[in-house]
Amino acid sequence: MRNSMLTCCFVPPPPSGDEERGPPNMEAPLKKHLFFFDFDETIVNENSDDSVVRAAPGQTLPAWLRDTQREGHYTEYMGRVLTYMGEQGVREEGFRAVIEKIPASPGIMGLFQFLKANQDLFEMVLISDANSYVIETWLCAAGLRPLFRCILTNPASFNSRGYLSLQPCHSHSCPRCPANMCKRKLLGEYLEQRVEERGGRPFDRLFYAGDGANDFCPSVLLGPADTAFPRHDYPMHRLVKETQQSSPATYRANVVPWHSGDDILHYLKKLLGRKVG
């Protein structure tokens with residue numbers, strides 16, 4: 001179980017004074033809630049795979065390359081896109097300049113200010129079908145990287161030729177999800193591992209914020225005490241509504257659609273009785 005999840009888990013060095021680390025033989029306080037965030041069109045307001053194409057010559061791709069897309073195998077396609085861009089001379093500085101300009105979704109930075117001020121309550125995990133280089137680069141530029149204990153995504157790094165190389169996150173047997181990633185499997189494995197590491201003590205609540213169809217699959221694991229935040233009228237939201245109508249007993253989480261991160265922020269403040277510190 002651990003190997004399949006940890007191959008695509010990127011954990012930052014703990015910040016100094018991290019509340020889950022204390023003097024030897026002293027039990028560290030445990031965070032009460034676990035919050036999962038998607039990246040594309042959730043934290044950022046674009047699909048980052050489309051964004052990086054702006055680093056290509058002419059900010060576009062040739063038709064023969066675009067025509068190689070296959071449903072359920074988009075990460076394979078993006079691997080070919082990145083190879084092509086490397087062959088066209090695009091290097092790290094070109095990618096970085098584009099990535100750092102991707103806009104945050106409305107209200108998201110205010111939400112993260114609240115979560116940063118209340119780090120005693122929240123363990124945060126990013127779970128995304130983008131890739132590690134894009135996510136790390138954007139989070140670092142935005143000053144948000146230390147907030148996330150873990151990033152679950154497709155590994156990406158620069159090879160010996162200076163090309164950005166992309167690998168699939170893992171394998172799975174879920175018929176709903178793309179071949180390279182099932183977020184439900186990742187969420188379940190992460191949660192199982194963390195509860196074990198916490199001495200069997202579960203989190204009080206789980207939260208999940210996303211937008212896409214692949215964010216619906218993990219949200220099915222949430223229970224009645226948990227909350228799903230689907231972006232309003234995006235695929236995740238539509239799938240949640242369809243399931244609530246056709247099989248209401250199978251979707252147990254509270255559902256709070258969002259237009260802006262402010263919607264999530266207001267819900268959390270009301271639920272937890274906290275204000276921005």
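Summed over region 32-88, the residues that are in contact with a Phe, Trp or Tyr (Cβ under 7 Å, 6 or more places away or on another chain), part of a loop (DSSP other than H, G, I, E, B) and among the β-branched types (Val, Ile, Thr) give a count of 2. Candidates are the residues of region 49-80 that are small (Gly, Ala, Ser) and over 23 Å from residue 214 (Cβ atoms); the one that is least open to solvent (accessible area, probe 1.4 Å) is 56. A Cβ distance below 7 Å, combined with a sequence gap of six or more or placement on separate chains, defines the contacts here; from region 144-163, residues that are over 26 Å from residue 214 (Cβ atoms) and hydrophobic (A, V, I, L, M, F, W, C) reach residues that are open to solvent by less than 30 Å² (accessible area, probe 1.4 Å) and not in a loop (DSSP other than H, G, I, E, B) in the pairs 158/164. Residue 174: more than 17 Å from residue 79 (Cβ to Cβ), open to solvent by 50 Å² or more (accessible area, probe 1.4 Å) and either at pLDDT 95 or above or not β-branched (Val, Ile, Thr) (or both), yes or no? For residue 174, the condition - more than 17 Å from residue 79 (Cβ to Cβ), open to solvent by 50 Å² or more (accessible area, probe 1.4 Å) and either at pLDDT 95 or above or not β-branched (Val, Ile, Thr) (or both) - is not met.
In region 112-130, the qualifying residues are those that are touching a residue at least 40 places away in the same chain (Cβ under 8 Å) and open to solvent by 10 Å² or more (accessible area, probe 1.4 Å), and the one that is nearest to residue 159 (Cα to Cα) is 129.
Evaluating residue 116 against the criteria (1) basic (Lys, Arg); (2) over 30 Å from residue 222 (Cα atoms); (3) under 23 Å from the mean Cα position of the chain (by Cα) leaves one unmet condition, (2). Looking across region 30-47, the residues that are farther than 18 Å from residue 228 by Cβ and buried (at least 20 other Cβ atoms within 10 Å of the Cβ) come down to 31, 44. I'd like the residue in region 217-246 that is more than 26 Å from residue 269 (Cβ to Cβ) and within 17 Å of the chain's Cα centre (by Cα) and, out of all such residues, is modelled with the highest pLDDT. Residue satisfying both the conditions and the ranking: 235. Selection over region 204-252 of residues that are part of a helix (DSSP H, G or I), free of Cβ contacts under 8 Å to residues at least 60 places away in the same chain and either crowded, with 17+ Cβ neighbours inside 10 Å or among the β-branched types (Val, Ile, Thr) (or both) gives a count of 10.
Residues that are surrounded by 18 or more Cβ atoms within 10 Å (Cβ to Cβ) and either assigned to a loop (DSSP other than H, G, I, E, B) or among the β-branched types (Val, Ile, Thr) (or both) within region 257-277 comprise just one, 264.
Number of residues in region 81-96 that are closer than 15 Å to residue 139 by Cα and open to solvent by 50 Å² or more (accessible area, probe 1.4 Å): the value is 1. For residue 162, the test of being open to solvent by 30 Å² or more (accessible area, probe 1.4 Å), farther than 16 Å from residue 42 by Cβ and of a type in the set (Gly, Ala, Ser) is failed.
The values are calculated or read from the model by the stated rules, or taken from the named source; none is laboratory data. None of these values were measured; they are calculated from a predicted model. Reconstructed Cβ throughout: ideal geometry from the backbone, glycine too, with neighbour counts over all protein chains shown. Only protein heavy atoms, including side chains, enter the accessible area calculation; ligands, DNA and RNA are left aside. Shrake-Rupley method; radii C 1.70, N 1.55, O 1.52, S 1.80 Å.
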